[in-house]
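The structure appears right after this line, and notes come after that.
The values are calculated or read from the model by the stated rules, or taken from the named source; none is laboratory data. Keep in mind that what you see is a predicted model, and the values were worked out from it rather than measured. Note: ideal-geometry Cβ built from the backbone for every residue, glycine included; neighbour counts use all protein chains shown.
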């Protein structure tokens, strides 16, 4: 739950020949990249501090020049790496929203007392997120009517049993 770093983007590919990179945002608020000058590069679980210049911010892509990356080859080697910020520098979330990192691993049950396993992934579909529970045994849209209780501090989520039968996609 209390991870030290939160992922805000993933390096998609080089941009140009001087080492700039195209970053796919992993945040709903892409303006958080505006003015960003320091971040952490996450590769294979290791977080390395870096300086960067954000060249442009768009809804689907951010262009950035990372300090010390001066060629297309160096930029290509970063493909798939994550840009992260320390948790204390994360944006303030509105009520009833959570960081994906905090949802992963939450135990899920319903108001009738049935346990379904833990959230293993969150799919961003555009209309609403979908929680993947038990490695795909259950898919649940993240709708207010199905979320009875979300307790991030105790890593548990309780779903409304009646609504779950209408909107949940069960494996069997």
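Some values worked out for this structure:
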| quantity | calculated |
| --- | --- |
| First in segment 30-43 and more than 14 Å from residue 10 (Cα to Cα), second anywhere and in a strand (DSSP E or B), Cβ under 6 Å, 6 or more apart | 34/57; 36/54; 38/51 |
| Among the candidates 104, 152, 91, residue that is touching a residue at least 12 places away in the same chain (Cβ under 8 Å), surrounded by 17 or more Cβ atoms within 10 Å (Cβ to Cβ) and either under 26 Å from residue 8 (Cβ atoms) or in the same structural domain as residue 60 (by TED's automatic domain parsing) (or both) | 104 |
| Options 93, 26, 50: the member that is in contact with a strand residue (DSSP E or B) (Cβ under 8 Å, 6 or more places away or on another chain) and closer than 30 Å to residue 154 by Cα | 26 |
| Hits in segment 1-25 - residues which are surrounded by 15 or more Cβ atoms within 10 Å (Cβ to Cβ) and free of Cβ contacts under 8 Å to residues at least 40 places away in the same chain | 25 |
| Set 110, 121: member being in contact (Cβ under 8 Å) with a residue 24 or more places away in the chain and either crowded, with 17+ Cβ neighbours inside 10 Å or assigned by TED's automatic domain parsing to the domain that holds residue 151 (or both) | 110 |
